[in-house]
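The values are calculated or read from the model by the stated rules, or taken from the named source; none is laboratory data. Values in this document were obtained by computation on a predicted structure and should not be read as measured data. Here the Cβ is made from the backbone with ideal geometry for all residues, glycine too, and neighbour counts use every protein chain on show.
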Amino acid sequence: MILPQNRRQQWNGSSFMKKYTIATLGSHSALQILKGAHDEGFKTLLITMNDRQSLYERFSFIDEIILIKNYQEFPKLENQLRQKNTIIIPHGSFVAYLGMEGNKKIRTPYFGNKKVLDWEADRMKQHEWMKKAQLNKPPLYDNPDEAEYPVIVKSFGAAGGKGYIFAGSKKEFKRKIKTMSHKQYIIQKYIIGVPLYIHYFYSPLSKKIEILGIDRRYETNTDAWGRIPFREQKEMKTDLSYVVVANSPLTLRESMLPEAYAMGERLVEASKKIIDSRGIFGPFCLETIITSDQKFHVIEISARIVAGTFLFEQGSPYSWLLYDEPMSMGRRIAREIKIAIEKNKLDLILD
Ligand code: AMP
Ligand code: AMP
């Protein structure tokens with residue numbers, strides 16, 4: 001989508017070149033985003049709740065902090081933000097705390113294509129997008145009687161794996177599904193393999209896709225379960241939980257990198273066909289599980305910066321191959337904005 005004429009004129013004026021402020025909400029990947037913005041020469045602004053003030057005040061790269069009592073207060077700040085020539089960088093907390101509609105209503109220039117939000121949030125749409133991109137995805141089942149077990153049951157809009165159900169058999173499914181009775185959910189085949197999350201950046205300016213890092217997540221208590229001997233596990237009735245609390249770095253077998261790049265490219269191309277002509281751009285992540293036949297199974301698209309990128313604040317093995325300087329995802333976003341300002345092309349990357 002092209003910015004309205006009046007906004008475009010405002011943003012393309014050369015007198016604004018050095019006067020931009022990069023802002024985000026205080027959680028998820030805020031530190032990385034603002035450090036990257038600072039390193040690229042922008043002013044930085046953080047909007048956060050009172051209880052996080054002491055954390056964020058520790059960091060000198062944050063020029064200004066605006067405190068709010070709750071996230072519902074965010075829209076009231078917009079006039080102030082626009083006066084400061086602010087560009088907002090959304091991350092995982094934007095949809096989690098402002099809601100999808102709250103995001104769509106933001107009037108301050110926003111890095112990314114808001115139309116992608118609908119395609120990320122609706123699991124069926126996401127499925128269609130992956131299909132169009134020819135990504136290998138785990139089968140979904142309408143009917144639990146026809147499912148191949150084990151399965152994982154995911155509610156719509158779940159945050160960070162919260163509330164998922166693992167079922168090893170039809171009997172277990174029927175017992176556990178009662179907790180989901182009022183929710184919309186999908187039943188997906190559970191894939192046994194290596195979970196691997198690929199961090200992409202697509203530049204609409206250079207029209208190139210970059211892989212800047214790869215992580216895996218530590219999910220309580222799924223990742224803790226394997227540390228308990230089977231003898232004890234048998235006696236325990238603990239349900240698995242996929243709530244993510246930490247991340248660690250991974251590198252991929254080099255012979256699998258061509259497909260990793262190709263998957264990102266296909267996803268971008270498909271988005272231009274089914275979402276709009278701009279499609280997805282900036283940071284995104286493919287959450288994959290690799291099976292013993294070395295195949296990627298894509299379980300989810302995260303259509304924005306993922307928190308696991310924080311591992312690579314100083315760059316990753318992959319970003320180092322592309323840039324002879326430390327290039328975090330936060331910095332890469334700021335770099336794109338900087339290039340767009342220089343080329344007078346901000347309308348290509350803001351909504
Ligand atoms: P928070 O800022 O911790 O409240 O998280 C906001 C959203 O981002 C939630 O949906 C979290 O599940 C997700 N999230 C936060 N930290 C991580 C992480 N390290 N890895 C993956 N997802 C995360
Ligand atoms: P998601 O919300 O789709 O990122 O899923 C949260 C976590 O659940 C993932 O990080 C995986 O550990 C696990 N998971 C989700 N889908 C599958 C699947 N189809 N097979 C195996 N594990 C899965």
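Tabulated values for the structure
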| item | result |
| --- | --- |
| Counted residues, the stretch 126-155 - those being under 17 Å from Ile301 (Cα atoms) and either among the charged types (D, E, K, R) or assigned to a helix (DSSP H, G or I) (or both) | 9 |
| From Ala262, Ala270, Ala303, Ala246, residue being touching a Leu at 6+ places or on another chain (Cβ under 8 Å) and small (Gly, Ala, Ser) | Ala303 |
| Filter result for Leu81 (more than 15 Å from the chain's Cα centre (by Cα) and among the hydrophobic types (A, V, I, L, M, F, W, C)) | yes |
| Checking Ile192 against (1) near ligand 2 (Cβ under 10 Å from one of its atoms); (2) surrounded by 14 or more Cβ atoms within 10 Å (Cβ to Cβ); (3) not charged (D, E, K, R), the condition it does not meet | (2) |
| Residue match in the stretch 254-268 (condition: surrounded by fewer than 14 Cβ atoms within 10 Å (Cβ to Cβ), within 16 Å of ligand 1 (Cβ to nearest atom) and outside the structural domain of Gly163 (by TED's automatic domain parsing)) | no |
| Scope the stretch 315-351; condition of a type in the set (S, T, N, Q), in a loop (DSSP other than H, G, I, E, B) and under 15 Å from Ile211 (Cα atoms); matching residues | Ser316, Ser328 |
| Number of the exception - Lys183 against (1) over 27 Å from Glu101 (Cα atoms); (2) away from ligand 1 (no atom under 16 Å from the Cβ) | (1) |
| Members of the stretch 37-90 found to be in a loop (DSSP other than H, G, I, E, B), in contact (Cβ under 8 Å) with a residue 12 or more places away in the chain and not basic (Lys, Arg), listed by number | Glu40, Gly41, Phe42, Phe59, Phe61, Ile62, Asp63, Asn70, Asn85, Ile89, Pro90 |
| Qualifying residue in the stretch 246-256 (condition: of a type in the set (Val, Ile, Thr) and within 13 Å of ligand 2 (Cβ to nearest atom)) | no |
| The stretch 89-116 - residue that is of a type in the set (A, V, I, L, M), at pLDDT 95 or above and within 14 Å of the chain's Cα centre (by Cα) and, of those, surrounded by the fewest Cβ atoms within 10 Å (Cβ to Cβ) | Val116 |
